[in-house]
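First the structure, in the form of structure tokens, and then the observations on it.
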Amino acid sequence: MATKRAQAKHSVNKLELPPLVAERISCALSKWTGEMGRCHWCNEIITGKRRRTWCSDACGRAWQREHIWRFARSAAKRRAKYRCTKPGCTAERRDCEVNHILPLNGIGYGPGCQHHSKPNSKGEGGLEVLCHAHHAEITAAQATARAVARRAVQESAVTTKQ
Ligand SMILES: [Zn+2]
Ligand SMILES: [Zn+2]
Ligand SMILES: [Zn+2]
């Protein structure tokens, strides 16, 4: 019994939260302040007996749309009405893919704030819907930028060694 109580106390410690849960406290879109028993999206007190994380299905879905790639991707396409958002693009409807405006660069497609639909207050991040051709163009440009950055790092490493 004593161990059980110790465990319960443990789980209240913010620092012990799983990273994905802790992220909701810092997430710019979630209103959750980290208090147990409150919705991890709107911060309202959870009243449903069988609910622990979200006060309603709507809040759970709202979080998913901004943090789980497959939900974020389909929501972005739906918002763009399945059309490339590049001005004047003549690609067909449904020829659309979703691009992370800020390249993921190894952060990956796992759940997280990197899938927010809109840029943050500093204008960074967000998703954009592009046709295959425009997406390929941007992906190629991003790869070139990465290669240039890598070369710069390598060169500065060489200089520091000398
Ligand atoms: Zn809620
Ligand atoms: Zn977030
Ligand atoms: Zn296009």
Which aspartates and glutamates have a Cα less than 12 Å from the Cα of Lys31, not counting those fewer than 8 places away in the same chain?
Glu23, Glu44
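Just to be sure I follow the definition: excluding the sites themselves, where is the longest run in the chain that has none of the trypsin sites (Lys or Arg not before Pro) in a DSSP loop with at most 13 other Cβ atoms within 10 Å?
Numbers: sites that count: Lys49, Arg50, Arg52, Lys81, Arg93, Arg94, Lys122.
Of all site-free stretches, the longest is 1-48.
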How big is the chain in terms of Cα radius of gyration and Dmax, in angstroms?
20.7, 67
Whole-number value, in Å³ per residue, for the convex hull of the alpha carbons of segment 73-162 is 121
Out-of-range pairs (alpha-carbon distance over 31 Å; input Lys49/Lys118; Lys81/Lys122; Lys86/Lys122; Lys49/Lys81)
Lys49/Lys118; Lys49/Lys81
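Between Thr53 and Ala157, what is 0.36 nm times their sequence separation minus the Cα-Cα distance? Round to one decimal in nm. Don't jump to the answer; show the numbers that get you there.
On the way: separation 104, 0.36 × 104 = 37.44 nm, distance 4.62 nm.
Extending this stretch completely gives an extra 32.8 nm.
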Would you mind telling me which residue in Gly106, Gly126, Gly48 has the biggest mean-square fluctuation in a Gaussian network model of the chain, where springs connect alpha carbons within a distance under 10 angstrom?
Gly106
Tell me what the chain gives for mean residue ellipticity at 222 nm when only DSSP H runs of n ≥ 4 count, each as -39,500 (n - 2.57), the sum divided by the residue total, rounded to 500 deg cm²/dmol.
-14000 deg cm²/dmol
Mean-square fluctuation maximum in Gaussian network of the chain, Cα pairs under 10 Å, restricted to Asn120, Asn43, Asn99, hits Asn120
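Taken together, the values in this text are just the output of simple stated rules run on the coordinates, not laboratory data. Given the structure is predicted, the values throughout are model-derived calculations rather than measurements. Note that each Cβ is placed from the backbone with ideal geometry, even for glycine, and that neighbours are counted across all protein chains shown.
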